[in-house]
1. Being among the aliphatic types (A, V, I, L, M) and surrounded by 20 or more Cβ atoms within 10 Å (Cβ to Cβ) is the filter here, so list the residues in the stretch 35-55 that pass it.
2. Do you know which residues across the stretch 16-53 are assigned to a helix (DSSP H, G or I), touching a Phe, Trp or Tyr at 6+ places or on another chain (Cβ under 8 Å) and under 21 Å from Y92 (Cα atoms)?
3. Cβ-Cβ distance below 7 Å, separation of 6 or more or different chains: which pairs start in the stretch 18-34 with a residue that is surrounded by fewer than 12 Cβ atoms within 10 Å (Cβ to Cβ) and end on one that is of a type outside the set (S, T, Y) and at pLDDT below 85?
4. Among the numbered conditions (1) among the charged types (D, E, K, R); (2) part of a strand (DSSP E or B); (3) modelled with pLDDT of 90 or more, tell me where E96 comes up short.
5. How about the stretch 53-67: which of its residues are modelled with pLDDT of 90 or more and either β-branched (V, I, T) or over 14 Å from T20 (Cα atoms) (or both)?
6. Which of the residues belonging to the stretch 23-43 are under 18 Å from P76 (Cβ atoms) and of a type outside the set (D, E, K, R)?
Amino acid sequence: MANTTKTTDILAPTTRTSPTTVKLWGTYVRNIDLDWKTLADFQGTDLSLSECLEVIRRAPNLTTFTAESIKDQDDPFLPTPPSVILNESFEYLLVERHS
């Protein structure tokens with residue numbers, strides 16, 4: 001079967017992208033310009049805890065969130081999240097701290 005995965009440059013898009021799956025490493029969440037409402041599956045590596053919370057806050061239809069190697073330092077450019085972030089779409093959540 002042919003690989004039908006479409007790769008889009010979400011760091012410098014010509015139009016705002018609407019992916020359902022994002023795999024992120026080596027950049028900050030604040031640098032990503034996409035339609036977060038369409039995102040269902042997020043996989044990230046080397047994120048800060050504030051970035052994890054920002055993804056969950058931005059993506060109301062997120063069902064799967066996986067973050068590995070959470071960094072100790074937060075991203076100072078992200079706003080402090082509200083005390084409660086509701087996401088009723090969650091089916092799977094995995095967060096692993098950097099060891």
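The values are calculated or read from the model by the stated rules, or taken from the named source; none is laboratory data. It should be emphasised that the depicted structure is a prediction, and the values quoted were computed from it without experimental measurement. Here the Cβ positions follow ideal geometry from the backbone for every residue, glycine too, while neighbour counts run over all protein chains shown.
1. Those that are among the aliphatic types (A, V, I, L, M) and surrounded by 20 or more Cβ atoms within 10 Å (Cβ to Cβ): L39, L47, V55.
2. E51, C52, listed by residue number.
3. Pairs that qualify, where the first residue is surrounded by fewer than 12 Cβ atoms within 10 Å (Cβ to Cβ) and the partner is of a type outside the set (S, T, Y) and at pLDDT below 85, are N31/L11.
4. (3)
5. Within the stretch 53-67, V55, I56, T63, T64, T66, A67 meet the criteria.
6. If the condition is that a residue be under 18 Å from P76 (Cβ atoms) and of a type outside the set (D, E, K, R), then T27, Y28, V29, N31, I32 are the ones that fit.
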